[in-house]
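Peer 1: Before anything else, here's the structure in question.
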Amino acid sequence: MPGMMHDRGLRRQIDETRPIADDGKRRDLRGVGRVDRNQLWDKVIAQVDGKAAVDLSRRALMIPSLSGQEENAARFFFDAMQRYGIDAELQPVPESPTMNASWNTIGRVKGKGGGKSLILNGHMDHNPTADGWTKDPFGGVIEDGWLYGFVHMKAADACFILAADAVRKAGIALKGDLTITLVSGELRGGVGTKHALASGVTGDYFVVGEPSELEIVTRHTGSVTLKLHVLGKMKHFATRDVPGAKGISAIEKIAKVLPALGPCHKLLPDRKNGGWLTFEPAANFADLPQLNMGSIRGGIGREHNPTRPALLADRCTLQLDIRIVPGMTKHSIEADLKRLLDGFASEDEDFRYEIELDPDSFPLPFVESPDSDIARCVIDAHRHINGENPAIRENANMGATDALWLSQAGVRGLIYGPTGRYLSRPDERCEVEDLVRATKAYACVIADICTRDR
Ligand SMILES: [Zn+2]
């Protein structure tokens, strides 16, 4: 067949620097050699509308979309996908234990069949607005080459759409399917991505566009979150203790526990070294485990009613986020925490507590090889665009992401996204030039992966 002759011709052009496949053998890209791939990439890059990527990012940032409140952003991306010729679906996401019902937006570009498929994944929810912003976080402000707002990670979401647009405009015929999953509730443990996967979204490879400063991230921590409730007994502090009706301040009791849990934001010692957590140090997880005390609320009843400071609080709740190393689980952490707290209880008969593990968290680390086909593709695309290799992060990232759920579903991939330095803090921002570079890279990855044979 003429097609086969053509294929053989292409294979001869491929040199020994061609990528090593997942099975460790050098293998051609089944139809696309290095020379041809560079041509393919140049063709696609020429069609990237960087200005449109920045504009779509900017307009997406102007739509508030806290976890469980992504509907307007989901509709915005749905409309944008349709405008750019992507088959779009608004997918309802049912209520979860930690989040209201919400929406995913899923875009599909069908390949003609027989090719490798790719998922580009990004979340639409963002952090709450903290004090300290000097710009309107929803103002779409661009100043001195920086775009301000919750760029994490609707900026990358917009780049995905313009990347697919560039591939379409370049006239590249895809063999495998491209799926763009813009999801809700990633900040609640990946609620939207888990739902998308359960509904049948699948692929050979994924790229999660989480902020990585366009560096390659192939491993990250897990994030186990829990509530520690320390319990007291309410009474007015001006009344006397009477037998059987003693007042106990839950706030006073929890204050003794806090120093024992820490240090915060530092590598925690293991039990052999005086810490409370059981773990074995893991290669490439050098700064982990660590924890953060994210919120503490004391007051009366389950609502922590704060209106009566004259009353001894009967409940004080600390929310903890523990970033883990391989081998730690939420159950190992629960057992460790129980052991620590039982120590307090053995010395103080008034010390009582409850532990409530969050049902939605990232309970395992994500670990993938930087030598996978998809990682090599992203590295090559980055080099083609920027003239140098991207940094490949050896140590695990401290952020947990939906890469965990995608890899658990058998899809291979990595994290590569714009922004990072000014992430998750007041005046969060991103260099607009990074958005253009990210869009080019995503377009190259689509064009390469989705034209490979299975
Ligand atoms: Zn994120």
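Peer 1: Is the C-alpha gyration tensor of the range 70-171 telling us rounded, prolate or oblate? Criteria: a/c under 1.5 is rounded; beyond that, a/b larger than b/c is prolate, otherwise oblate. Intermediate results must be reported in sequence, preceding the final value.
Peer 2: Details: a/c = 2.52, a/b = 1.38, b/c = 1.83.
Oblate.
Peer 1: In percent, how large is the relative contact order of the chain, given Cα pairs closer than 8 Å and 6 or more residues apart?
Peer 2: Relative CO of the chain lands at 25 percent.
Peer 1: Another one. Using modelled amide H (1.01 Å from N, peptide plane; none on Pro or chain starts), what sits under 5 Å from the amide H of Trp146, excluding residues fewer than 5 places away?
Peer 2: For Trp146, whose amide H was placed from the backbone, the distant partners under 5 Å are Val432.
Peer 1: Under the rule that an exposed site lies in a DSSP loop and has at most 15 other Cβ atoms within 10 Å, name the longest stretch of the chain with no GluC sites (Glu not before Pro) of that kind, not counting the sites themselves. If you can, show how the numbers build up before the last one.
Peer 2: Numbers: sites that count: Glu16, Glu95, Glu303, Glu349, Glu388, Glu394.
Value returned for the longest uninterrupted segment is 96-302.
Peer 1: What shape does the range 122-229 have by the C-alpha gyration tensor, where a ≥ b ≥ c are the square roots of the eigenvalues, rounded means a/c under 1.5, and otherwise prolate means a/b greater than b/c and oblate the rest?
Peer 2: Values: a/c = 2.16, a/b = 1.18, b/c = 1.83.
Here the range 122-229 falls in the oblate category.
Peer 1: Would you kindly state how much longer the chain becomes between Leu357 and Glu89 on full extension, computed as 0.36 nm times their sequence separation minus their alpha carbon distance, in nm to one decimal?
Peer 2: Details: separation 268, 0.36 × 268 = 96.48 nm, distance 3.34 nm.
Working it through step by step, the gained length comes to 93.1 nm.
Peer 1: Could you please report the charge total around Asp348, scoring K, R as +1 and D, E as -1 over all other residues with beta-carbon less than 15 angstrom from its beta-carbon? Mind dumping the intermediate values first?
Peer 2: Details: positive: Lys233, Lys246, Lys253, Lys256, Arg352; negative: Glu252, Asp342, Glu347, Glu349, Asp350.
Within the 15 Å Cβ shell, the charges total 0.
Peer 1: Could you work out [θ]222 nm for the chain from helices alone, using -39500 (n - 2.57) per DSSP H run of at least four and dividing by all its residues? Round to the nearest 500 deg cm²/dmol.
Peer 2: Working: 11 runs with 143 residues, N = 454.
Mean residue ellipticity, 222 nm, calculated: -10000 deg cm²/dmol.
Peer 1: Under a Cβ-Cβ cut-off of 10 Å, what is the net charge of the residues other than Gly301 that fall near it, where Lys and Arg count +1 and Asp and Glu count -1? Don't jump to the answer; show the numbers that get you there.
Peer 2: Details: positive: Arg302, Arg315; negative: Glu303, Asp314.
Net charge in that neighbourhood comes out at 0.
Peer 1: Could you give P(r) for the chain, binned at 10 Å from zero, as whole percent values over all Cα-Cα pairs?
Peer 2: Histogram of Cα-Cα distances, whole percents per bin: 4, 19, 27, 23, 14, 8, 4, 1, 0, 0.
Peer 1: For helix 432-449, report the angle its Cα long axis makes with the longest principal axis of the Cα atoms of the chain; keep it between 0 and 90° and round to the nearest 10°.
Peer 2: 60
Peer 1: What FRET efficiency, computed as 1/(1 + (r/R0)^6) with R0 = 45 Å and r the Cβ-Cβ distance, is obtained for Asp42 and Ala198, rounded to the nearest 0.05? Show your work: numbers first, answer last.
Peer 2: On the way: r = 39 Å, r/R0 = 0.87.
For Asp42 and Ala198, the calculated efficiency is 0.70.
Peer 1: In whole Å, how far is the Cα centre of the range 122-138 from that of the range 279-336?
Peer 2: Computed from Cα coordinates, the inter-centre distance equals 24 Å.
Peer 1: Once you put a point 7 Å from the Cα of His236 and another 7 Å from the Cα of Asn305, both along the Cβ direction, what distance in nm separates them?
Peer 2: Placing both labels 7 Å beyond Cα along the Cβ direction yields 1.4 nm.
Peer 1: With label points built 7 Å along Cα→Cβ from the Cα atoms of Ala173 and Asp49, find their separation and express it in nm.
Peer 2: Label at Ala173, label at Asp49, 2.5 nm between them.
Only the coordinates and a few stated rules stand behind these numbers; no lab work does. Quick caveat, the model's predicted, so the values are computed rather than measured. Positions of Cβ are generated from backbone atoms using ideal geometry, with glycine treated the same way; all protein chains shown enter the neighbour counts.
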